[in-house]
Amino acid sequence: MDKSKRSFHRRLPPIQSRDRIDYRNMSLISRFISEQGKILSRRVNRLTLKQQRLITIAIKQARILSSLPFLNNEKQFERSESTTRTTALRTRNK
């Protein structure tokens with residue numbers, strides 16, 4: 001199949017024109033953060049350069065104002081709980 005004959009499916013943009021990129025818009029901001037609390041890349045988000053910059057600034061402002069955590073501590077808590085169990089088992093066996 002030639003390149004010219006291939007069908008092209010255009011994806012919808014993740015941010016609509018009516019959406020306001022702001023640190024208070026948590027429903028919008030939370031879509032661009034990973035489970036660990038990291039800002040997702042522009043390639044993953046399918047954002048323009050300008051939109052990615054505005055999202056990054058909004059996320060950082062929300063973190064500074066404590067609306068958004070810097071890290072997601074759930075994974076860290078699970079790890080620390082499992083290490084506590086293993087150390088307890090090691091001391092019990094000795």
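What does the convex hull of the Cα atoms come to per residue for the range 37-76, in Å³? Let's see the in-between values first.
Numbers: hull volume 2.5 nm³, N = 40.
Dividing the Cα hull volume of the range 37-76 by its residues yields 63 Å³.
To the nearest whole percent, what portion of all C-alpha pairs in the range 10-77 is separated by more than 19 angstrom? Working shown, then result.
Numbers: 683 of 2278 pairs.
Value for the range 10-77: 30 percent of Cα pairs lie more than 19 Å apart.
Rule-based calculations on the coordinates, nothing more; no lab input. Just so you know, these numbers come straight off a predicted model, no measurement behind them.
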